[in-house]
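Engineer: Sending over a structure as structure tokens; questions will come in a sec.
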Amino acid sequence: MSSITRLHSRAELRSWRDSLSDSVTVGFVPTMGALHRGHGTLFHAACEGNEVGLASIFVNPLQFNEGADFKRYPRTADEDCALLERSGVQAVYLPDRIDMYPDGYETRVRSGPGSELYEGYHRPGHFEGMLTAVFKLFQRCRPDRAYFGEKDAQQLWLVQRMAEDLDLDVEVIGCPTVREEDGLAFSSRNAFLAPEQRAVAPIVSRALYACRESFTAGERSVALLERGMHDLLRSEPLASIEYADVVDERTFRPADSDQPGPWRAVAAVRVGDTRLIDNLELGDARSPGMT
Ligand code: AMP
């Protein structure tokens, strides 16, 4: 069995990357570890679409707006490396904080208005920290293509925007959300859910799917689509809503019935101390519904 190459520093990564010929394409998957089946589809896509698959694991302190969340974020290095071994990825970059942000580090990548609402509003500084790390990882890894999950749809949108706006020459590819049988999207944070919380957590995807059903049946009132999600989520006492909205996915701004574009339902819900996010494509609002 081939064993994965572990790259612990920028210098090791650079010499591995330099050893690849220019004609070899590299597919890159940045992660924060605690790997699960959702990550697995990204590794699969990176290996299918490129000659070499490369992953990174870095719990990026800059993107955590709550210190406690950073501290308790699951770190499961041994299991992660075993999953990576099986996934076909050839190398994994495992920088530590100093390797990424040496003493004196201070520069940030600032995102535009598409980062102001939803996750950006509820997690101040999160997207700036995320884009800063992703930009640096792109510079260091020099991928041809990079793979991100639709599970974090606003993140995917912002990374695609950054790659285009800053001429990064990386094709940023979105991969569909992978779910448990009961609809709950796989997430590293699901491990924090106590059994009674885990039992109610699928209400988030149920609200999104119910919203899509209304949309497909012809509902084009953004207010009514959002109210439907809120009503369902409010029926669960253990769940508290941060947002459950319909966005125009071309801009990541609120959907507007007068300017129909492709719409997406997005939600963030706390179950106990655990914050769950999920989203679902609704479709093109110009197309007539079923009724
Ligand atoms: P993370 O390790 O949580 O930063 O996630 C790394 C990448 O995996 C991101 O691009 C996520 O969007 C993606 N991802 C996380 N969960 C899922 C999932 N359930 N399905 C598909 N992609 C996912």
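The values are calculated or read from the model by the stated rules, or taken from the named source; none is laboratory data. Keep in mind that this is a model prediction, so the values were computed, not measured. Glycine also receives a Cβ, built like all others from the backbone with ideal geometry; neighbour counts cover every protein chain displayed. The protein model used for the area step is the full one, side chains on, heavy atoms only, and it has no ligands, DNA or RNA in it. Shrake-Rupley method; radii C 1.70, N 1.55, O 1.52, S 1.80 Å.
Engineer: How high is the relative contact order of the chain, given as a whole-number percent (alpha carbon pairs under 8 Å, six or more residues apart)?
Structural biologist: Values: 523 pairs, mean separation 48.4, N = 291.
Across the chain, relative contact order equals 17 percent.
Engineer: Next question. Helix 77-87 against the longest principal axis of the chain: what's the angle in degrees, Cα atoms only, rounded to the nearest 10?
Structural biologist: With rounding to tens, the tilt is 90 degrees.
Engineer: Mean 1/r over all different Cα pairs, inverted: what Kirkwood radius does region 5-175 give, in Å? Numbers along the way, then the final one.
Structural biologist: Numbers: mean 1/r = 0.0612 Å⁻¹.
For region 5-175, the Kirkwood estimate is 16.3 Å.
Engineer: Arg86 label point, 7 Å along Cα→Cβ, cut-off 16 Å on backbone N: hits in region 6-39?
Structural biologist: Counting backbone N atoms under 16 Å from the label point, the list is 34-39.
Engineer: Moving on. How big is D for region 85-223, in µm² s⁻¹ as a whole number, if Stokes-Einstein is applied with the Kirkwood radius of its Cα pairs at 37 °C and 0.692 mPa s?
Structural biologist: 183
Engineer: A further question follows. What is the sum of charges around Tyr93, taking Lys and Arg as +1, Asp and Glu as -1, for the other residues whose C-beta is under 15 Å from the C-beta of Tyr93? If you can, show how the numbers build up before the last one.
Structural biologist: Working: positive: Arg6, Arg10, Arg14, Arg17, Arg97, Lys136, Arg140, Arg142; negative: Glu12, Asp18, Asp80, Asp96, Asp99.
Taking every Cβ under 15 Å from that of Tyr93, the sum is +3.
Engineer: Lys/Arg Cβ at +1, Asp/Glu Cβ at -1, dipole of region 1-93 taken about the Cα centre: which of Phe43, Ser9, Val59 is farthest positive-ward?
Structural biologist: Towards the positive end, the residue furthest out is Val59.
Engineer: Lys/Arg Cβ at +1, Asp/Glu Cβ at -1, dipole of the chain taken about the Cα centre: which of Gln154, Ala223, Pro288 is farthest positive-ward?
Structural biologist: Gln154
Engineer: Show Lys136, Lys71 ordered by accessible area, largest first, where the area counts protein heavy atoms only and the probe is 1.4 Å.
Structural biologist: Lys71, Lys136
Engineer: R0 = 25 Å: FRET efficiency of Arg270 with Ser221, Cβ-based, nearest 0.05?
Structural biologist: Here the calculated transfer efficiency is 0.40.
Engineer: Summarise the long-distance tail of P(r) for the chain by giving the % of C-alpha pairs beyond 27 Å. Spell out each step's value before the answer.
Structural biologist: Working: 17894 of 42195 pairs.
For the chain, the fraction of Cα-Cα distances above 27 Å is 42 percent.
Engineer: What's the magnitude of the charge dipole for the chain around its Cα centre, counting Lys and Arg as +1 and Asp and Glu as -1 at the beta-carbon? Answer in Debye, nearest 20.
Structural biologist: That gives the chain a dipole magnitude of about 400 debye.
Engineer: Additional query: Taking all protein chains together and a probe of 1.4 Å, list Arg206, Arg275 from the most accessible to the least accessible. The partial results should precede the final answer.
Structural biologist: Working: Arg206 130, Arg275 40 Å².
So the residues, ranked largest to smallest area, are Arg206, Arg275.
Engineer: Which distance in nm do the two modelled labels at Glu181 and Asp69 give, with both placed 7 Å along the Cα-to-Cβ direction?
Structural biologist: 3.1
Engineer: Quick one: if you stick a label point 7 Å off each Cα along the C-beta vector at Ile173 and Ala191, how many nm between them?
Structural biologist: Going by the 7 Å Cα→Cβ label model, 2.8 nm.
Engineer: Another one. If only Cα atoms are counted, what is the Rg of region 188-280, and what is its Dmax, in Å?
Structural biologist: Cα radius of gyration and Dmax of region 188-280 are 13.6, 44 Å respectively.
Engineer: Compute the separation of the alpha-carbon centres of region 202-259 and region 43-100 and state it in Å as a whole number.
Structural biologist: Spelled out, the Cα-based centre of one part sits 32 Å from the other.
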